[in-house]
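Written below as structure tokens is the structure these notes are about.
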Amino acid sequence: MSRATMLLVEDDPALAELVSWNFRREDFEVRHTPDGEEALLLAREATPDIVLLDWMIEGPISGLEVCRQLRRTAATQNVPIIMLTARGEEEDRVRGLETGADDYVTKPFSPRELIARVGAVLRRVRPALAGETLSYADLEMDTVGHKVKRGGETVALGPTEFRLLKHFLEHPGWVFSRERLLDAVWGHDSDIEARTVDVHIRRLRKAINVGDKPDIIRTVRSAGYALDSGG
């Protein structure tokens, strides 16, 4: 497995050095910048596996705006983002999460805590980093061999349904709107209508819910779809 890559956006030199040193010791490849504009350029040049982003970086672009723009860009919209900040109020935490952050770590923090939080987010949000197989409940996907099994039985999927299921398996339990699924599976610049997602969801359901197997794709009214074994 290749090394996980991290983009660290932090304008406190001492803290940036401490965080970089600890994650390089954990075999991460770390790129650091104190500047929001440069962070967006670096993310476009090479998509990182995770972003550690200081809310209060100085300059014309705030950490919150960096987060927002990363989520609006097709290449980085699914990259895990952890906000680092001294702002500990609930309203601020909610605002950061609603902007697109996956987790929120309040300063001061210990390097061990941060390493544990990063590991937890990567396992939850990007399990593909842990190997070539994605799994949830009785579903298994070989991302290299493009093979899918449910309950040990092979499932035949078209290329679009495969990409759709892969996205769900990388984010189990998450509810995605049609628009978010279009961006993630078809691409940000796609001209495909949102209702097309419904057609492929039906095809995916038909393929993986054969026999007496329960429907593992949950429809959330007025919100979207989620991979959820709870129904």
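Values for this structure:
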read-out	value
Trypsin sites (Lys or Arg not before Pro), loop per DSSP, at most 11 other Cβ atoms within 10 Å - longest free stretch of the chain	1-194
Net lengthening on full extension, Ala120/Glu37 (0.36 nm per residue, minus Cα-Cα)	27.1 nm
Nearest-0.05 FRET efficiency for Ser135 and Glu179, computed from C-beta distance (R0 25 Å)	0.35
Residue-normalised accessible area of the chain, given per residue in Å² at a 1.4 Å probe	52
Accessible carbon and sulfur surface of the chain relative to its total accessible area, %, 1.4 Å	47
Selected from Gly119, Gly63, Gly211 as most flexible by GNM, with the chain as the system and alpha-carbon contacts under 10 Å	Gly211
Antiparallel bridge percentage (DSSP; both residues within the chain; nearest 5)	50
In nm, spacing of pseudo-spin labels at Glu26 and Val210 (7 Å Cα→C-beta vector)	4.1
Longest site-free stretch - the chain; sites: GluC sites (Glu not before Pro), DSSP loop, at most 15 other Cβ within 10 Å	133-192
Residue-count net charge about Ala156 - beta-carbon cut-off 12 Å; Lys, Arg +1, Asp, Glu -1	+3
Span-rule helices in the chain, defined as complete DSSP H runs reaching 20 Å or more along the axis (Cα) with Kyte mean at least -0.5	111-125
Calculated from backbone phi, Karplus (6.51, -1.76, 1.60) coupling profile of the range 176-182 in Hz, x at Gly/Pro	10, 6, 4, 5, 5, 5, 4
Segment Ser62-Ala194, extension gain: residue separation times 0.36 nm, minus the distance between their alpha carbons	44.4 nm
Potential extension, Ala75-Arg163 segment - 0.36 nm per residue separation minus Cα distance	30.2 nm
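The values are calculated or read from the model by the stated rules, or taken from the named source; none is laboratory data. Keep in mind that this is a model prediction, so the values were computed, not measured. Please note: Cβ atoms are built from the backbone with ideal geometry, for glycine as well, and neighbour counts cover all protein chains shown. Quick note on the areas: whole protein, heavy atoms, side chains included, nothing else; ligands and nucleic acids left out. Shrake-Rupley method; radii C 1.70, N 1.55, O 1.52, S 1.80 Å.
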